[in-house]
Every structure is written in C-alpha cells, then in structure tokens.
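Enquirer: This is the structure I have questions about; it appears just below.
The values are calculated or read from the model by the stated rules, or taken from the named source; none is laboratory data. Source: prediction; values computed, not measured. Counting neighbours? That spans all protein chains shown, and the Cβs are built from the backbone with ideal geometry, glycine included. Surface accessibility is based on the protein's heavy atoms, side chains included, excluding ligands, DNA and RNA. Shrake-Rupley method; radii C 1.70, N 1.55, O 1.52, S 1.80 Å.
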Amino acid sequence: MNDLGLLEIDFYEKIKYGTSDKDKIALIKNGFSNGLANLVVNDYRAFFEIDSMLNTIVINPLLIDKMTENNENDILIYEVKYNTKSNLQEI
C-alpha cells in the first residue's frame, strides 16, 4: 500500500518503525533496537550525531561510559558496543 502512495509517510513509519522520529528511524536502520533508540535519543542526545538523510551515525565513545555510570541495562550497553565501530588507534 505504501508503494502505491496510499499511506501517509508518518503513518507508514509508525507502523514499520514504531515511530516517525527521523533520528530514531536512522538508529533503527543502523541496527539499534527500538528501545535503545528511544533511550539514546531521549537521554543521551549529546553523545551522537545523526544524518537522517544518509542514515549515518557518529557516536561519541563516552556514551558507553555515561550509560555505565547511569547504571543502564547491561544488555543495552552491549548493544551500543556491538553497533559501534571504533576508529581509535593505540599509540
């Protein structure tokens, strides 16, 4: 139905992704669960940048430390680690 243009985009996104928030959709498209996407957008927005047009995300590595400090669920912290590529090089 969406391919035929019969659905409004907001309605379609709410059905497909559970939200019409472009940042949350970008996170979900990059492997984050809906629950983790909600948490990081609502509570940790300062720790990442999103280009929702390109569906790319840049995550500050300090996000994991802050989530640990705030006693977030270990599974959610692991999910962030799993979905984060580190470009840090050891000296």
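Enquirer: Please state which of the following conditions Lys22 fails to meet, knowing it meets all the rest: (1) without any contact (Cβ under 8 Å) to a residue 12 or more places away in the chain; (2) open to solvent by 60 Å² or more (accessible area, probe 1.4 Å); (3) within 20 Å of Phe11 (Cα to Cα).
Expert: (1)
Enquirer: May I ask you to say which residue of Tyr82, Tyr44, Tyr78 is in contact with a Lys or Arg (Cβ under 9 Å, 6 or more places away or on another chain) and at pLDDT 85 or above?
Expert: So the residue among Tyr82, Tyr44, Tyr78 that is in contact with a Lys or Arg (Cβ under 9 Å, 6 or more places away or on another chain) and at pLDDT 85 or above is Tyr44.
Enquirer: For residues that are open to solvent by 50 Å² or more (accessible area, probe 1.4 Å) and either within 22 Å of Tyr17 (Cβ to Cβ) or outside any helix (DSSP H, G or I) (or both), tally how many sit in region 39-48.
Expert: 3
Enquirer: Another one. Which count do you get for residues in region 49-81 that are β-branched (Val, Ile, Thr) and in a helix (DSSP H, G or I)?
Expert: Of the residues in that region, 5 qualify.
Enquirer: Answer with yes or no whether Glu90 is at pLDDT 95 or above and open to solvent by 100 Å² or more (accessible area, probe 1.4 Å).
Expert: no
Enquirer: Among (1) out of contact with any strand residue (DSSP E or B) (no Cβ under 9 Å at 6 or more places or on another chain); (2) assigned to a loop (DSSP other than H, G, I, E, B), where does Glu13 come up short?
Expert: Single failed check for Glu13: (2).
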